Amino acid sequence: MSFDEKAMEIQDKVERRFSNLGKGKYSRLLRMAKKPDRDEYIKVLLITGAGIILLGLLGFFIYLMMGYYFKIP
């Protein structure tokens, strides 16, 4: 079997797998999925940003405490 035949076989497998995507257990999910509106997007953005900032602050305070308690001469 040549390289071209192997590549075509792999491509056919992938196409068959994705062609059934809308017909099986994920069909309801794909039909109900929608693009978020502006308000929903901004809420998600703010919550995610707040989480990143909180984790950064926590890491910074741990860094400061480690530097204060475990000074390396």
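The values are calculated or read from the model by the stated rules, or taken from the named source; none is laboratory data. As the structure is a computational prediction, the values presented were derived from the model and not from experiment. Here the Cβ positions follow ideal geometry from the backbone for every residue, glycine too, while neighbour counts run over all protein chains shown.
Return yes when residue 22 is modelled with pLDDT under 90 and assigned to a loop (DSSP other than H, G, I, E, B) and no when it is not. Spelling it out, residue 22 is indeed modelled with pLDDT under 90 and assigned to a loop (DSSP other than H, G, I, E, B).
Considering segment 29-54 alone, what residues qualify as being over 18 Å from the mean Cα position of the chain (by Cα) and surrounded by 10 or more Cβ atoms within 10 Å (Cβ to Cβ)? Walk me through it before giving the result.
If we filter segment 29-54 for residues that are over 18 Å from the mean Cα position of the chain (by Cα), which is where we start, we get 31-32, 37-39, 53-54.
Listed by number, the residues that qualify are 53, 54.
If the condition is being outside any helix (DSSP H, G or I) and basic (Lys, Arg), then segment 32-51 contributes 34, 35.
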